[in-house]
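Asker: Right, I'll just put the structure down here and ask away after.
Read the figures in this text as sums done on the coordinates, not as results from a lab. Model, not experiment: these values are computed from the prediction. Note that we place each Cβ from the backbone using ideal geometry, even for glycine, and neighbour counts take in every protein chain shown.
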Amino acid sequence: MDDITQQLESLLQEEEQLQFTQFTNEMAFQIGCTMVERMKLENKHITIDITRNGQQLFHYAFPKTSADNDQWVRRKGNVATRFGHSSHYISTYLKSIQKNIQERYYVDPADYAASGGAFPIIVKDVGVVGAIAVSGLAQEEDHSLVTSVIKPFIN
């Protein structure tokens, strides 16, 4: 099995494990604040966006970020919500087939960014209800930040 296939399988397994039994406004707030505090400690600057059912529940932009980061979290979040997979998974999948998101899915790249950093909010027995997205680090770091922070909230 090649590296990219293993990575795709690992990302799918992660999505299977990181499913919520519920997702509340308070959880969005706590997850967002946890990310803010971690990035302050690490002196890193990102933008964070958490949405559920089209409603923005949390948004925070550090100094040294810009409106570009707002667009990145929107576009990455759109990928996670539409495809039900992390934007990192979609990015890796597209790399494996050597296509971009427009070629494969016929969606506008102005609205969809296949770049790591958005993770679908999956509620068990319900499905995808939103996304947690960050922008500002390398795409693998954006992805790892989201997944590491949500792990303690999975019950």
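Asker: Please find, in a Gaussian network model of the chain (springs between Cα atoms separated by less than 10 Å), the residue of 42, 14, 141 whose mean-square fluctuation is greatest.
Answerer: 42
Asker: Just the number, please: percent antiparallel of the DSSP beta bridges in the chain, rounded to the nearest 5.
Answerer: Roughly 95 percent of the beta bridges in the chain run antiparallel, per DSSP.
Asker: At a threshold of 8 angstrom on Cα-Cα distance, excluding pairs fewer than six apart, so keeping six or more, what relative contact order does the chain reach in percent?
Answerer: Taking the mean separation of contacting Cα pairs over the length of the chain, I get 29 percent.
Asker: Okay, next question. Based on the Cβ-Cβ distance of residue 105 and residue 43, what FRET efficiency does E = 1/(1 + (r/R0)^6) give at R0 = 41 Å, to the nearest 0.05? Show your work: numbers first, answer last.
Answerer: Numbers: r = 37 Å, r/R0 = 0.90.
Calculated value: 0.65.
Asker: Hey, in the GNM for the chain with a 10 angstrom Cα cutoff, which one of 50, 90, 101 fluctuates hardest?
Answerer: 101
Asker: Using a Gaussian network model of the chain with C-alpha springs under 10 Å, which one of 126, 107, 73 is most mobile by mean-square fluctuation?
Answerer: Of the options given, 126 has the highest mean-square fluctuation.
Asker: Need the full-extension length gain, residue 7 to residue 59, defined as separation in residues times 0.36 nm minus the C-alpha distance. One decimal, nm.
Answerer: That works out to 15.8 nm of additional length.
Asker: Separate question: Could you list 91, 66, 135 in order of exposure, starting from the residue whose Cβ has the fewest other Cβ atoms within 10 Å?
Answerer: Lowest count first: 66, 91, 135.
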